Amino acid sequence: MNKHLPHLFSFIQRDGGLRAELFRAGIGTLGVKVGNTLLLLAISVTLARILGAEKYGIYTYVLAWVTILGIPAQIGLPNLLVREIAAYQAKEQWSLINGLLRWAFQAVFILAIALVSVAAFIAWKMSEHMGGEHLATFGWGLLLLPVIALGEV
């Protein structure tokens, strides 16, 4: 295994082909994912120490609900956008890409606001079963729903 590493690294440096480019891009993507995971771990540990166990639990519970609510707000548009933008880009139809992105952002934003309204109404109806801190955190979390949904698009 060790005798193949120098050959691999020389292949990456001297070959300008598609395979080398994909390998370099894969290594870069892996580095970003590892860095993201380490950063999320550090943030989680810091928040848990600052907030304490109970408040951190409320935070993660609300964040999980907001993330789950963000899925229907996207209505499958991320996959559609990847496919359609690639097709429009191949045909160099830049105005269609612009219009598609504008329509997608508007649709997701309107649906996210509708979901925020429904979730806020349900939380208000269930407010006697929820603590004040839970309800306030959920309300603040719902404000993130359009941001999360639009971020995925």
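Details
- Output for segment 102-139, where each listed residue is over 20 Å from Pro72 (Cβ atoms) and either surrounded by 14 or more Cβ atoms within 10 Å (Cβ to Cβ) or polar (S, T, N, Q) (or both): Ser127, Met130, His134, Leu135, Thr137
Residue-by-condition table, conditions (1) exposed (fewer than 14 other Cβ atoms within 10 Å of the Cβ); (2) within 19 Å of Gly151 (Cβ to Cβ):
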residue: Glu54; (1), (2): yes, no
residue: Tyr59; (1), (2): no, yes
residue: Leu63; (1), (2): no, yes
residue: Ile71; (1), (2): yes, yes
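- Condition check for Ile12: at positive phi and either at pLDDT 85 or above or out of contact with any strand residue (DSSP E or B) (no Cβ under 9 Å at 6 or more places or on another chain) (or both): no
- The one condition in (1) open to solvent by less than 70 Å² (accessible area, probe 1.4 Å); (2) free of Cβ contacts under 8 Å to residues at least 24 places away in the same chain; (3) more than 27 Å from Tyr56 (Cβ to Cβ) that Leu96 fails to fulfil: (1)
- Top-ranked residue of segment 123-153 - restricted to ones that are part of a helix (DSSP H, G or I) and β-branched (Val, Ile, Thr), ranked as nearest to the chain's Cα centre (by Cα): Ile148
- Boolean, Leu77 is within 30 Å of Leu143 (Cα to Cα) and either open to solvent by 100 Å² or more (accessible area, probe 1.4 Å) or in contact with a helix residue (DSSP H, G or I) (Cβ under 9 Å, 6 or more places away or on another chain) (or both): yes
The values are calculated or read from the model by the stated rules, or taken from the named source; none is laboratory data. Note that the structure is a prediction, hence the values are computed from the model and not measured. Cβ coordinates were reconstructed from backbone atoms using ideal geometry, including for glycine residues, and neighbour counts include every protein chain displayed. These area figures cover heavy atoms from the full protein model, side chains too; ligands, DNA and RNA do not enter into them. Shrake-Rupley method; radii C 1.70, N 1.55, O 1.52, S 1.80 Å.
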